[in-house]
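**Student:** Submitted below is the structure of interest, expressed as structure tokens.
The values are calculated or read from the model by the stated rules, or taken from the named source; none is laboratory data. The shown structure was predicted, so the numbers you read here are calculated from the model rather than taken from an experiment. Cβ sites come from the backbone with ideal geometry, for glycine too, and all protein chains shown count toward neighbours. Heavy atoms of the whole protein, side chains included, go into the accessibility calculation; ligands, DNA and RNA do not. Shrake-Rupley method; radii C 1.70, N 1.55, O 1.52, S 1.80 Å.
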Amino acid sequence: MNTDPELRPLGVDGILVRFSRVLTEEANAQALAFRDQVADAGLAGVTEVASSLTSVRVGFDPAQTNRHAITAAIRSLIATHTTPDTRPRRLWRIPACFSPEYAPQLAEAAALAGVTPDQAIAEITAQATRVIAIGFAPGQPYLGMLPDHWDIPRQSSLTDSLPRGALITAVRQLIIWAADAPTGWRHIGQTAFRVYRPETATPFAFDPGDAVQFHAVSDTEFTGIKANPDTNGGAQCEVLR
């Protein structure tokens, strides 16, 4: 790394390792790689290693270790931390419907981004975004980053509820909604994909660092996809490395 990350206490049993105060793909990649490095190190007394957009929380059990020992161990790992391989391990291809029935705020979001709805769909489906974090709800992914002109604000008020599988956007990011819930983000499409399946051996569909690419389907196609729950929204997952 060019610059050592910041280390800050986080509660009585945690340390925050912050790689940047600004979200960039490089900072996110550094955080994801360091999370894996700490987890693989098997540090005594560590109870949790969790990444956010640009930082990592290392939780520890004060009955087994102390802040000084964990901080020293983290600094040793930082000294050997190398530039991460930013290539995604998996690529998900997920159908999404962008018709007015399923994308009630697409036109509004597109206008804020300075494009037409058709241009918005083309841009959203043209590139693979990366799972930069999982949070807010079980398995719920934050996907980024969209082009700069998609740095649109959240709404000034909440939408009472959006359905599970909704595709929403704000601040250059996309989210697939994990469960029916209110939000301040704009609803621009709909998938039938379940990001959280607690009945399975791997409840979270995504891992941070996965790539996700959407492709547009018609209302008729989407109706057929919804009718077949065994395909998890018609998604396909390719292992890349």
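**Student:** Could you check segment 53-69 and list, in sequence order, the residues that are out of contact with any Gly (no Cβ under 7 Å at 6 or more places or on another chain), crowded, with 17+ Cβ neighbours inside 10 Å, closer than 15 Å to residue 7 by Cβ and not polar (S, T, N, Q)? Spell out how you get there, then give the answer.
**Tutor:** Step one: filter segment 53-69 for residues out of contact with any Gly (no Cβ under 7 Å at 6 or more places or on another chain), giving 53-56, 62-63, 66-69.
Pick out the ones that are also crowded, with 17+ Cβ neighbours inside 10 Å and you get 53-56.
The next check asks that each one be closer than 15 Å to residue 7 by Cβ; those that pass are 54-56.
Scanning segment 53-69 gives a single hit, 56.
**Student:** Just the residues that are open to solvent by less than 10 Å² (accessible area, probe 1.4 Å) and at positive phi, please, taken from segment 134-150.
**Tutor:** Step one: of segment 134-150, the residues open to solvent by less than 10 Å² (accessible area, probe 1.4 Å) are 139-141, 143-144, 146, 150.
If the condition is that a residue be open to solvent by less than 10 Å² (accessible area, probe 1.4 Å) and at positive phi, then 139 is the only one that fits.
**Student:** All but one of (1) without any contact (Cβ under 8 Å) to a residue 60 or more places away in the chain; (2) within 26 Å of residue 144 (Cα to Cα); (3) in contact with a strand residue (DSSP E or B) (Cβ under 9 Å, 6 or more places away or on another chain) hold for residue 22; state the number of the condition that does not hold.
**Tutor:** Unmet condition: (3).
**Student:** Of everything in segment 198-236 that's assigned to a strand (DSSP E or B) and of a type in the set (Gly, Ala, Ser), which residue is farthest from residue 89 (Cα to Cα)? Don't jump to the end; show me each part of the working.
**Tutor:** The initial filter retains those residues of segment 198-236 that are assigned to a strand (DSSP E or B), namely 204, 211-217, 236.
Checking the rest, the ones that are also of a type in the set (Gly, Ala, Ser) come to 211, 216.
On the way: 211: 8, 216: 24 Å.
The extreme case among them is 216.
**Student:** Here's another thing I want to ask about it. When residues of segment 21-52 are filtered for being within 15 Å of residue 83 (Cβ to Cβ), open to solvent by less than 50 Å² (accessible area, probe 1.4 Å) and among the polar types (S, T, N, Q), how many remain?
**Tutor:** Filtering segment 21-52 down to residues within 15 Å of residue 83 (Cβ to Cβ) leaves 24-34, 36-37.
Still in the running and open to solvent by less than 50 Å² (accessible area, probe 1.4 Å): 27-34, 36-37.
Still in the list and also among the polar types (S, T, N, Q): 28, 30, 37.
Total satisfying the criteria: 3.
**Student:** I would also like to ask the following. Starting from segment 200-211, keep only residues that are within 12 Å of residue 132 (Cβ to Cβ) and acidic (Asp, Glu), then list their pairs with residues that are open to solvent by 80 Å² or more (accessible area, probe 1.4 Å) and part of a loop (DSSP other than H, G, I, E, B) whose Cβ atoms are within a distance under 7 Å, requiring at least 6 positions of separation or different chains.
**Tutor:** 210/89
**Student:** Being in contact (Cβ under 8 Å) with a residue 60 or more places away in the chain and within 23 Å of residue 50 (Cβ to Cβ) narrows it down to one residue among 121, 175, 132; which is it?
**Tutor:** Sole residue among the options that is in contact (Cβ under 8 Å) with a residue 60 or more places away in the chain and within 23 Å of residue 50 (Cβ to Cβ): 132.
**Student:** Step by step: first the residues of segment 71-98, then only those that are open to solvent by less than 20 Å² (accessible area, probe 1.4 Å) and out of contact with any Leu (no Cβ under 7 Å at 6 or more places or on another chain), then the one that is nearest to residue 210 (Cα to Cα). Which residue is that?
**Tutor:** The qualifying residue nearest to residue 210 (Cα to Cα) is 94.
**Student:** Within segment 212-241, how many residues turn out to be touching a residue at least 60 places away in the same chain (Cβ under 8 Å) and of a type outside the set (D, E, K, R)?
**Tutor:** The first filter runs over segment 212-241 and keeps only residues touching a residue at least 60 places away in the same chain (Cβ under 8 Å), leaving 212-219, 221-222, 225, 233-241.
From the residues that got through so far, the ones that are of a type outside the set (D, E, K, R) too are 212-218, 222, 225, 233-237, 239-240.
Here the count works out to 16.
**Student:** Of the residues in segment 191-214, how many are of a type in the set (Phe, Trp, Tyr) and open to solvent by 10 Å² or more (accessible area, probe 1.4 Å)?
**Tutor:** Keep residues of segment 191-214 that are of a type in the set (Phe, Trp, Tyr), which gives 193, 196, 204, 206, 214.
Remaining after also requiring open to solvent by 10 Å² or more (accessible area, probe 1.4 Å): 196, 204.
Total satisfying the criteria: 2.
**Student:** Does segment 62-83 contain any residue that is under 16 Å from residue 11 (Cβ atoms), modelled with pLDDT of 95 or more and in contact with a Pro (Cβ under 8 Å, 6 or more places away or on another chain)?
**Tutor:** Checking segment 62-83: at least one residue is under 16 Å from residue 11 (Cβ atoms), modelled with pLDDT of 95 or more and in contact with a Pro (Cβ under 8 Å, 6 or more places away or on another chain).
**Student:** Going through segment 175-190 one residue at a time, which ones are surrounded by fewer than 21 Cβ atoms within 10 Å (Cβ to Cβ) and touching a Lys or Arg at 6+ places or on another chain (Cβ under 9 Å)?
**Tutor:** 179, 180, 181, 183, 184
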